[in-house]
Amino acid sequence: MLQTLTERLFDDSDRTDLDPFAVFEEWFALAQESEPNDPNTMALASVDDDGLPDVRMVLLNARDARGFSFFTNFESEKGRQLLAHPKAAMAMHWKSLRRQVRMRGPVEVVSSEEADAYFASRPKGSQIASSVSEQSRVLNSKMTLLDRVSEMATRIDDGPVVRPPHWSGFRLVPTSIEFWKDGEFRLHDRVRFTRDGVDQPWTSVRLYP
């Protein structure tokens, strides 16, 4: 009988040529069926100029063979941190599946075409909010933000919202991907894939829980 990718992942006799991106797709498809809300939610960690870690929840907006992408205000704390120190870590935890995936690696800025395409796919209200929000900076009252949203909505009326120059995306290009599956008596299954560079082959090891 043909094994699933997950069965191959935790079969210590056969992980040859197993692609961690393909395993991720199998897990993510299950999460889309079982998670009640936002299966693409992930914790994103970056560091500031003092090397102090910073973490927050964001949404995984795109993924392909290059890596995992998310979009944000580049003038926000995470935007400034990632531009100054282009390395990050992510974790996705699906409670319904009792599984998680961890990723680490360098980050790169997505192309203007990718940013434009994703921005155009968002609801108009979200486009306006992204345009007027000074993300992570001090806001004296919620009404100030709502007034800015109202003013822009009135000004553009039925016209398009142009992606602001400070709004774009990052792609984490993983050099490490770890898959974790809950086990009885905390005998969890953990397999970590690593590679020395984007064009290098993956190697995998099983880890103690």
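The values are calculated or read from the model by the stated rules, or taken from the named source; none is laboratory data. What you are looking at is a predicted structure, and each value in this text was computed from that prediction instead of being measured. Neighbour counts run over all protein chains shown; Cβ positions are idealised from the backbone, glycine included.
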Next item on the list: Give the number of residues within region 179-209 that are in contact with a Ser or Thr (Cβ under 9 Å, 6 or more places away or on another chain), among the charged types (D, E, K, R) and part of a strand (DSSP E or B).
Entry: 2
Next item on the list: Residue by residue through region 94-118, note down the ones that are surrounded by 15 or more Cβ atoms within 10 Å (Cβ to Cβ), over 15 Å from the mean Cα position of the chain (by Cα) and more than 22 Å from PRO39 (Cβ to Cβ).
Entry: none
Next item on the list: Report, by residue number, each residue of region 119-135 that is of a type in the set (S, T, N, Q) and over 19 Å from the mean Cα position of the chain (by Cα).
Entry: GLN127, SER131, SER133
Check: Can you tell me which residue in region 88-130 is modelled with the lowest pLDDT, limited to those that are assigned to a helix (DSSP H, G or I) and either under 18 Å from ARG190 (Cα atoms) or polar (S, T, N, Q) (or both)?
Finding: SER130
Check: Just to be sure, is ASP50 exposed (fewer than 12 other Cβ atoms within 10 Å of the Cβ), in a loop (DSSP other than H, G, I, E, B) and touching a Lys or Arg at 6+ places or on another chain (Cβ under 8 Å)?
Finding: no
Margin query: Looking only at region 1-40, how many residues end up being within 15 Å of THR203 (Cα to Cα) and of a type in the set (Asp, Glu)?
Written below: 5
Next item on the list: Residue by residue through region 137-165, note down the ones that are assigned to a loop (DSSP other than H, G, I, E, B) and surrounded by fewer than 16 Cβ atoms within 10 Å (Cβ to Cβ).
Entry: ARG137, VAL138, LEU139, ASN140, SER141, ASP157, ASP158, GLY159, PRO160, VAL162, PRO165
